[in-house]
Amino acid sequence: MTAEQIESQHDDWTTETLAQAAGISQTSYIRRLCLNGTLQARKLGRDWIIAYEEGLRWLTARTAKRSKHS
């Protein structure tokens, strides 16, 4: 997902949409972050829903961390 697409995203994230935005092929990583509390999320049936702001916070921190290590 491009930065422009992320900026146009204003709905809550699913594990799938957040994984796509982060460039991660496996949604299981995002689910693990929800389960261990790294990402604040709510369970809706079988899915995890991450608030837009929380997902954006995590993406920003992830990008900064990855840039720092490059």
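Taking 0.36 nm per residue of sequence separation and removing the Cα-Cα distance, the LYS43/GLN26 pair yields an extension gain of 4.3 nm.
Other residues within the sphere of radius under 14 Å centred on the Cβ of TRP58, judged by their own Cβ, net out at +3 (K and R +1, D and E -1). Taking 0.36 nm per residue of separation and subtracting the current Cα-Cα distance, fully stretching the chain between LEU35 and ARG57 would add 6.2 nm. Taking 0.36 nm per residue of separation and subtracting the current Cα-Cα distance, fully stretching the chain between ASP11 and LYS68 would add 17.7 nm.
Here, each number is a calculation from the coordinates, and none is a lab measurement. Bear in mind that the values here come from a model prediction, so they are computed numbers and not experimental data. Reconstructed Cβ throughout: ideal geometry from the backbone, glycine too, with neighbour counts over all protein chains shown.
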